[in-house]
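Below is one structure; the comments refer to it alone.
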Amino acid sequence: MLKRRRRLLVLLALPVAFLLALPWIVDAIGGAWSRAPQEMPDGLSAETRAVVDAAYHGIDPARLFDYHVHLVGLGAGGTGCFVHPGMRSWWHVTRRVQFVVYKSAAGITDETTADQQYVNRLVDLLRHKPMPGRSLLLAFDRHYDEDGSVRLDNTEMHTPNIYAEQIAGEHADLFAVGCSVHPYRPDALEELERCAQQGARIVKWLPNAMGMNPADPRCDPFYAVMKKHGMALLTHAGEEKAVDSAEDQKLGNPLLLRRPLDAGVRVIVAHCASLAENPDLDTKEQTALVPNFDLFLRLMDDPRYKDLVFGEISATTQRNRMKGPLRTLLTRTDLHDRLVNGSDYPLPAVNVLIHVGMLVDEGLLQEHQAVALREIYDVNPIAFDFVLKRSLRGPGGERFPASMFHENPLLRAAR
């Protein structure tokens, strides 16, 4: 009887212990930083400052540009932002833990003021980088069915275009606005025209999560409006971790992007499609699975798309992408003039995603650079992301050139 009671007490104590330890676990996984952005660069060691200076060598501060910065919120203060209720409920443990990790990474401590806290932290990080540069601040549309009805139950997050325009306008020296318009929504063309009139020149999609097929003929009028206004499409390709359905993951097949490319729309492939596999649509059976990254390279190597398709390198330094895609991107110097940088903030502030020691083991970083990068992360995760990418070296000494971190003249983010 006594042993049974002890076992029962242990079982009851485990959830309590987990909840008590959760804040520490979350911070270790997520925002494991402890210093203020204002400490950069004067608060860094001399050795780390040297690594930072080397990373910024050759960068034009007037042209420095980040093509992938998320604006997110909970709707606090009437912003219109939305996250799926499953992210905020312990009945969905995995999604809830993901949510609290993201909160930690973004510096959100109070959900009643979460939207403003997110903006304040982001602006603080950007203003205290060695060179603030400008960033594309992204809206994010909801999931729509093929009949044009909105599906909030399938919407992981939503950031309205008007809110993104507001924040970008309040910090115009830091941000250009990236709109997000689902092509199936009934007012898609009207909203796209409105965004263009507001100065947006890049449209953000995540097909796997938002439910659009880029190769759907119904998108053709949408592409026609984009081309008329010189707008580019920044679209996720490859696997999306927020989606479980294999059918939805097929929407991330890079080969589906031929339709906007054939319509003359410039396409920026986020993350260079560097995760998971999809059917090879160029085969008769269309059953063979091919790495999405290889399908992306097929587009990049197609002479028809020389000035139309581009790759964006955010997330390629993450531990699950670096061995193949990252090394290839470094060594394929012939592609460098069509690669652009994106941080995918707040993901660089999720500590567990990037392991600089593994990059040292792979021969892509030097040990002293890894030491410096850990110090930089503790002060400014966005600066960490930039310095990391500029410090990487391929097996033949290849590196990402300074021009890759400038705004590409063919991909203007604002009129």
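No value in this document is a laboratory result; all are computed from the given coordinates. The shown structure was predicted, so the numbers you read here are calculated from the model rather than taken from an experiment. FYI the Cβ positions are ideal-geometry reconstructions off the backbone, even for glycines, and counts take in every protein chain you see.
Rounded to the nearest 20 debye, the dipole size of segment 340-415 about its Cα centre is 380 debye, using +1 on the Cβ of Lys and Arg and -1 on the Cβ of Asp and Glu.
Toward the positive end of the charge dipole of segment 337-415, with +1 on the Cβ of Lys and Arg and -1 on the Cβ of Asp and Glu, the farthest Cα among A414, Y377, M358 is that of A414. The stretch between D361 and N320 holds 13.3 nm of extra length on full extension. This uses 0.36 nm per residue minus the Cα-Cα distance. In the chain, excluding the sites themselves, the longest stretch lacking any of the GluC sites (Glu not before Pro) that are in a DSSP loop with at most 13 other Cβ atoms within 10 Å is 1-145. Based on the Kirkwood approach, the hydrodynamic radius assigned to segment 334-390 is 12.0 Å, with every pair of different Cα atoms included.
With R₀ fixed at 45 Å, the C-beta to C-beta distance from A50 to A288 puts the FRET efficiency at about 0.40. Taking a Cβ cut-off of under 9 Å around N292, the surrounding Lys, Arg, Asp and Glu residues balance to a net charge of -3, with basic ones at +1 and acidic ones at -1. Each label was represented as a point 7 Å from its Cα along the Cα-to-Cβ direction; for E39 and Q197 these points are 4.9 nm apart.
Over all other residues within a Cβ to Cβ distance under 14 Å of H236, the charged ones net out to -3, with Lys and Arg as +1 and Asp and Glu as -1. In summary, the lysines within cross-link reach of K103, defined as a Cα separation below 24 angstrom excluding same-chain residues under 8 places away, comprise K129, K204, K241.
Its residue count N fixes a reference of 2.2 N^0.38 Å for segment 143-214, and the Cα radius of gyration divided by that reference is 1.14. For D378, the shell of other residues with beta-carbons less than 11 Å away shows a net charge of 0, using +1 for Lys and Arg and -1 for Asp and Glu.
Around the Cα centre of segment 81-133, unit charges on the Cβ atoms of Lys, Arg, Asp and Glu (plus for the first two, minus for the last two) sum to a dipole of about 180 debye. Each residue, W90 and V352, gets one label point 7 Å from its Cα in the Cβ direction; the gap between the two is 1.9 nm.
A Cβ-based charge dipole, computed about the Cα centre of the chain with Lys and Arg at +1 and Asp and Glu at -1, lands at about 920 debye. Multiplying the residue separation of E170 and D307 by 0.36 nm and subtracting their alpha-carbon distance yields 46.0 nm. Label point 7 Å out from M131 along Cα-to-Cβ: which residues of segment 327-369 have amide N under 20 Å? Within reach of a label on M131, which here means backbone N under 20 Å from a point 7 Å along Cα→Cβ, segment 327-369 contributes 336-345.
Suppose R0 equals 30 Å. What FRET efficiency, 1/(1 + (r/R0)^6) with r the Cβ-Cβ distance, do H368 and T109 give to the nearest 0.05? Working from the Cβ atoms, E equals 0.30. The value obtained for the chain, namely the Cα convex hull volume divided by the number of residues, is 171 Å³ per residue.
The slack between D337 and D147, meaning 0.36 nm per residue of separation minus the straight C-alpha distance, is 64.4 nm. Along segment 186-193 the Karplus relation, 6.51 cos²θ - 1.76 cosθ + 1.60 evaluated at θ = phi - 60°, assigns HN-Hα couplings of x, 9, 4, 5, 5, 5, 5, 4 Hz to successive residues, with x for each Gly and Pro. Of all lysines in the structure, the ones whose alpha carbon falls short of 18 Å from that of K323, not counting any fewer than 8 places away in one chain, are K389. In units of the rule-of-thumb radius 2.2 N^0.38 Å, segment 257-306 shows an alpha carbon radius of gyration of 1.16.
Please tell me the relative contact order of the chain in percent, rounded to the nearest whole number, where contacts are Cα pairs under 8 Å and at least six residues apart. 19 percent.
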